[in-house]
Amino acid sequence: MKLVHRTARTSRHRDRALYVEILIDAPLETVWDLTQNPEQHARWDGRFTAITPTQRRADGAQEFRYELDLKVHTIRGTGVSLGDRHGRGGERTSALAFDTEDRLSPLGTGRGYWRYIPTPDGVRFLTGYDYAPGWGWAGRILDPLVTRRFVWWLTAWSFDRLRLWAEEGVPPEQTRWWRSLLPGRRPRARARQCLSRPARTGGRTIMQHAPASLATVSR
C-alpha cells in the first residue's frame, strides 16, 4: 500500500499540465456562447488577439488560425476544435489542438480541453492543457521556471474576465490588465479566483480527464 501511495504522489508531482477552474454564476448557454464564438472568445482570452475560422471538417471539427499581437511581434498559429453539447448530466466539452511554426512563440504544439459542468451554483468552467515548449533548449529550461507559471496566470486572469462578463455584463475591454493599475473603484479580473488543481483526481492526470473528442482533433 505504501508503494501505491508513493507512486500516486509522484505521478501528481510530475503532472505539469495546466489546470484552471472557475465557477461562473451565469446560464450555461451564455458561457457556451462567449467561449465558442471566435470573436467573443478573442475578446476575453488574453492568449489571443484574433481567432479566425477557416474550414469545418466532416466530423464537425472547426479549423482556425490564431494571432497574438505583442506589438513588437505577432505570433501566428493554427488549430482545430470540436465541441460537444450532449454530455452526461448536461455537461458540455470542447477539445482543442494547436500548433505554430513561429520560432519566437514560447509555446509549440499543444492540446487541451474545456469542460462546462452545470451545478446549482452556476457553471464550473475548467480547462486542462499541455504543450511542448518553444525556443529550443532555452525554452525547455525556462518553461517550468517562468513560462508555464505565466501561462497559467494569463489563463486564470482571462477566465475571471470571462466570469465578470457573463455574470455582471462587464465587457472584457474594461478589465484589461493595465486598467487595474489605475486608481479608483473599477471591476478587476483576478487570477486568484481560479483553482490550479482539480479537487478530486481519481488517480488520473489532468490530461487523462480530457473528453474522448481530444483524440479526434489530435490526429
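The values are calculated or read from the model by the stated rules, or taken from the named source; none is laboratory data. As the structure is a computational prediction, the values presented were derived from the model and not from experiment. Don't worry about glycine lacking a Cβ; one is built from the backbone with ideal geometry, like all the others, and counts go over all protein chains shown. Note: accessible area is taken over every heavy atom of the protein model, side chains too, but ligands, DNA and RNA are not part of it. Shrake-Rupley method; radii C 1.70, N 1.55, O 1.52, S 1.80 Å.
Residues in the range 1-34 that are more than 20 Å from the chain's Cα centre (by Cα) and modelled with pLDDT under 50: Met1, Lys2, Leu3, Val4, His5, Arg6, Thr7, Ala8, Arg9, Thr10, Ser11. Of a type in the set (Phe, Trp, Tyr) and without any contact (Cβ under 8 Å) to a residue 40 or more places away in the chain: is that true of Trp165 in this structure? When the stated conditions are applied, Trp165 does not pass them. For the range 89-101, the criterion of being assigned to a strand (DSSP E or B) and acidic (Asp, Glu) is satisfied by at least one residue.
Every residue, every condition in (1) among the aliphatic types (A, V, I, L, M); (2) over 30 Å from Arg197 (Cβ atoms); (3) touching a Pro at 6+ places or on another chain (Cβ under 8 Å); (4) touching a residue at least 12 places away in the same chain (Cβ under 8 Å), yes or no:
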residue: Leu18; (1), (2), (3), (4): yes, no, no, yes
residue: Ile22; (1), (2), (3), (4): yes, no, no, yes
residue: Ala26; (1), (2), (3), (4): yes, no, no, yes
residue: Val31; (1), (2), (3), (4): yes, no, no, yes
residue: Thr35; (1), (2), (3), (4): no, no, no, yes
residue: Thr49; (1), (2), (3), (4): no, no, no, yes
residue: Arg57; (1), (2), (3), (4): no, yes, no, yes
residue: Val72; (1), (2), (3), (4): yes, yes, no, no
residue: Gly79; (1), (2), (3), (4): no, no, no, yes
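Considering (1) touching a strand residue (DSSP E or B) at 6+ places or on another chain (Cβ under 8 Å); (2) closer than 19 Å to Asp33 by Cα; (3) touching a residue at least 40 places away in the same chain (Cβ under 8 Å), the lone condition that Glu91 does not fulfil carries the number (3). Within the range 120-144, the set of residues being more than 20 Å from the chain's Cα centre (by Cα) and within 30 Å of Leu28 (Cα to Cα) comprises Pro120, Asp121. Kindly check whether there is at least one residue in the range 140-154 that is acidic (Asp, Glu) and out of contact with any helix residue (DSSP H, G or I) (no Cβ under 6 Å at 6 or more places or on another chain). Yes: one or more hits. Taking the criterion of being farther than 16 Å from Ile22 by Cα, without any contact (Cβ under 8 Å) to a residue 24 or more places away in the chain and open to solvent by 40 Å² or more (accessible area, probe 1.4 Å), the only residue of the range 100-124 that qualifies is Thr109. Whenever a residue of the range 203-219 is closer than 20 Å to Ala61 by Cα, its partners that are assigned to a loop (DSSP other than H, G, I, E, B) and of a type in the set (A, V, I, L, M), lying with C-beta atoms within less than 8 angstrom and at least six residues away or across chains, give the pairs Met207/Ala17; Thr216/Ala61; Val217/Ala61. Identify, from the list Arg179, Arg163, the residue that is at pLDDT below 95, open to solvent by 30 Å² or more (accessible area, probe 1.4 Å), basic (Lys, Arg) and in a helix (DSSP H, G or I). Going through Arg179, Arg163 in turn, just one is at pLDDT below 95, open to solvent by 30 Å² or more (accessible area, probe 1.4 Å), basic (Lys, Arg) and in a helix (DSSP H, G or I): Arg179.
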